[in-house]
Amino acid sequence: MKRFVILIVSLVALCVSASAQLSDQQQIQKLNYLYQQIRNNYVDDVPLEPLVEEAIIATIKELDPHSSYLSKEEMSALQSRLSGEFAGVGIRYIMHNDTLVVRTTLDNSPARRAKILPNDRIITIDNRDVIGITTDSIATLLRGNPNSKVSLGIVRRSENKPLNITLQRDNIESSAISAAFRIGDIGYISVSAFSKPVATEFYSAYKALGDIKSLVVDLRDNAGGAITSAIDLTGLFLRKGDVIVSTEGRSNTVVYDKKKDGPLLDIPLVVLINENSASASEIFAGAIQDHDRGVVVGHTSFGKGLVQRVLDLKDGSGVCLTTARYKTPSGRVIQRPYTMGEGEEYMQDKVRYMHPDSIAHDDKLLFRTLKRGRKVYGGGGITPDIYIDIDDIVVASAVLKAYGEAMFEHTAIDILDSLSIESIIEQYPTYKAFNDKFRLSDELKKIFYRYADIEVEMLSTVDNEFIEAMLLAAIAEPIYGGYARHYIYGTCFDPMMRRAIAIAGDEELMHDTLL
């Protein structure tokens, strides 16, 4: 079978770069003819499904790096991600010492309503033993049709015997807003994805902040989502007639502009991006920058300026096919260079991590912002107005690479086993109070050192600050929710967030940057 797959792949690759002697229609007929011959005349019975699938995958690989083939499972996951909901029970979990441990439950979810608690151990799902099975298998068991039921066997530290809790699955709305809080007079909202309801969720989060003087919108590590969601969110900050983005395909150009004033026209704005901010994130940052609406800070963004259309195939699989390029309001194409068929090399390119002074800006790609006439460039992501030095971030990344983010979660589970969550809440009613007053004892820190198998003496001051911030955030998240993790890590260590907050609080700097 493998030899046949290689044969088909080779033929498809030839079709992609086919001789001009055959028309496009003839190339398609050529491939169909081959499949018909295999089906009707080949000596053995060969199933065509794997051959066709491998042929599609090989064809897509010869295109740009953002066109892709999606299996049935990947298509389902994509649809859930873009819609912002799926049917399940609302538990975030981790495998800890081969046991499934609840980290958090989502607001208004079946798990929260059933009073499932952080650090509960799930030992069975529908009477099936789940000790030691993979997290992917867990997700399959927990998800299902809305209103269907699932039974969980739970071990809880405060109970003498296992509990059996039956939940009714429900549509789980995964919020695109991963954090929203204020630090003094400055608001901070982190957007994790551009799913359909993001603009509505964002505006609600903004209103809940109360009277603030400026706002930081954090798009770091936001890989994008639906272009319509990016347009809706960007539109909150722009005036009637302002162009948000335009798309150019083979046969048409579409310009998306504001039909009426957005409700957040006057709030001073800082947009925080990094090298993993892509696609819809770059639409937002590019429009804000081009209209001189706010200050973009951080690192140069990923540089994905291609628009994909999702094609549904009859067996439930699909293809994300690039059908257009988008331009920012000033006319910039921010897609960074790529070579057709070399997707792996493109994804591994590290040039976007570098300081902007080391990135050559082609004068042919020079544009001007629309209100102040500032210089901006196309052809390689969104370069921030203020670049944040990466020294501390490199240190944090090295520690994370050495120990892994999950190491902090595992440590937090053991720490919470030794403490009373009820007592913590009684002493520190809010995550801000927890951050201000809770201190990790040396004994609790030793739990992490044992996991990481490190000597304290080998750690630098910055290492220790990073580790403590990560541990406090991992402890607070299951008690107070996801906002707590962002607030604690951000205020205790995160150099990019702290710098963005400082810029948002400096009215003169923001004004001068936009001149």
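What follows is calculated from the coordinates using simple rules that are stated; it is not laboratory data. Just so you know, these numbers come straight off a predicted model, no measurement behind them. When we count neighbours, we look across all protein chains shown, and the Cβ atoms used for this are built from the backbone with ideal geometry, even at glycine.
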### Query
Working out 0.36 nm times the residue gap between Ser151 and Ala77, then minus their Cα-Cα distance, what length gain in nm do you get to one decimal?
24.3 nm
### Task
Consider the candidate values (1) 78, 65, 48; (2) 111, 68, 57; (3) 103, 49, 45; state which one is Cα extents along the principal axes in Å computed from the structure displayed.
(1)
### Task
Report the equivalent ellipsoid semi-axes for segment 213-330 in whole Å, largest first, defined as the square roots of five times the eigenvalues of the gyration tensor built from alpha carbon atoms.
26, 17, 12
### Message
Relative contact order for the chain: what percent, with Cα pairs under 8 Å and sequence separation of 6 or more?
### Response
12
### Message
Suppose R0 equals 22 Å. What FRET efficiency, 1/(1 + (r/R0)^6) with r the Cβ-Cβ distance, do Leu440 and Ala398 give to the nearest 0.05?
### Response
0.55
### Summary
The residues Thr200, Thr300, sorted from fewest to most surrounding Cβ atoms within 10 Å, come out as Thr200, Thr300
### Message
Once R0 is set to 56 Å, what does the formula 1/(1 + (r/R0)^6) return for the Cβ-Cβ distance between Leu311 and Arg112, expressed as a FRET efficiency to the nearest 0.05?
### Response
0.90
### Task
Please give the contour-minus-distance gain from Asp98 to Ala433: 0.36 nm per residue of separation, less the Cα-Cα distance, rounded to one decimal in nm.
117.2 nm
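Nearest 0.05, what FRET efficiency do Leu509 and Lys240 give at R0 = 22 Å with Cβ-Cβ as r?
E(calc), rounded to 0.05, equals 0.15.
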### Task
Return the lysines within reach of Lys213: Cα separation strictly under 22 angstrom, same-chain partners fewer than 8 residues apart disregarded; answer none if there are no such residues.
Lys432
#### Entry: Environment charge of Val310, counting only residues whose C-beta is closer than 12 Å and scoring Lys/Arg +1, Asp/Glu -1
0
## Note on the structure
Ranked output for segments 491-504, 156-169 by mean other Cβ atoms within 10 Å, highest leading, reads 491-504, 156-169
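With Cβ to Cβ distances under 15 Å as the rule, what net charge do the other residues near Val130 carry (K, R +1; D, E -1)?
In short, -2.
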### Message
Cut-off under 16 Å on the C-alpha distance; same-chain residues fewer than 8 positions from Lys72 excluded. Which aspartates and glutamates are left, in chain and number order?
### Response
Glu49, Glu53, Glu54, Asp136, Asp312, Asp315
### Per-q log10 I(q)/I(0), segment 52-149, q = 0.14, 0.15, 0.21 Å⁻¹ (Debye; single scatterer per alpha-carbon; no solvent)
-0.67, -0.74, -1.09
